[in-house]
Amino acid sequence: MATTRNVQRELDNLRKEIAGLQQDYSRLKGRARATKTEGVERFGAIRDDLVDTIDAIKAKVTNGTGAAADEISAHIDDLRNLVGDYSERTEKTVAAHPIAALAGALAIGWLIGRLNRSE
């Protein structure tokens with residue numbers, strides 16, 4: 001009889017332990033579902049943030065490229081105008097003083113020739 005009581009006690013203890021394990025399992029299963037849902041929400045938020053950041057970077061690059069191209073174009077136009085002004089001034093100077101321009105060109109040519117000979 002003592003063994004029957006011991007077996008009965010052991011069975012009762014095992015039932016209690018099984019009931020506790022089932023409760024733990026249910027609790028952990030609920031946490032896993034909640035964690036999975038939170039993970040999916042976090043992933044969605046991170047993905048949305050990345051998409052927004054990429055769009056912002058694309059817009060900045062596009063705007064920056066357009067602004068840089070406009071600035072370069074403006075500098076090139078300024079350079080064209082400057083070269084045109086110098087060309088006009090040179091034409092006017094040569095037209096007003098042709099002998100002086102010819103003498104200056106000959107002097108510069110003679111100097112360049114002397115410099116090249118000495119090397």
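Beta carbons closer than 9 Å, at least 6 apart along the sequence or on distinct chains, pair a first residue in the range 80-94 that is at negative phi with a second that is in a helix (DSSP H, G or I) and open to solvent by 80 Å² or more (accessible area, probe 1.4 Å) for V94/L102.
Taking every residue in the range 42-54 that is at negative phi and pairing it with any residue that is at pLDDT 85 or above and open to solvent by 100 Å² or more (accessible area, probe 1.4 Å), at least 6 positions away or on another chain, yields no pair with a Cβ-Cβ distance below 9 Å. Among the residues of the range 96-119, those that are aliphatic (A, V, I, L, M), more than 56 Å from the chain's Cα centre (by Cα) and open to solvent by 80 Å² or more (accessible area, probe 1.4 Å) comprise I99, L102, L106. Filtering A59, A101 for residues that are of a type outside the set (D, E, K, R) and touching a Ser or Thr at 6+ places or on another chain (Cβ under 7 Å) leaves a single hit, A101.
For the range 31-42, the count of residues that are at pLDDT 80 or above and assigned to a helix (DSSP H, G or I) is zero.
Would you mind stating whether T3 is free of Cβ contacts under 8 Å to residues at least 12 places away in the same chain and surrounded by fewer than 10 Cβ atoms within 10 Å (Cβ to Cβ)?
So T3 fits the description; yes.
The values are calculated or read from the model by the stated rules, or taken from the named source; none is laboratory data. In this text the structure is predicted, and so the values were computed from the model without any measurement. Neighbour counts run over all protein chains shown; Cβ positions are idealised from the backbone, glycine included. Surface areas here come from the heavy atoms of the whole protein model, side chains and all, with no ligands, DNA or RNA. Shrake-Rupley method; radii C 1.70, N 1.55, O 1.52, S 1.80 Å.
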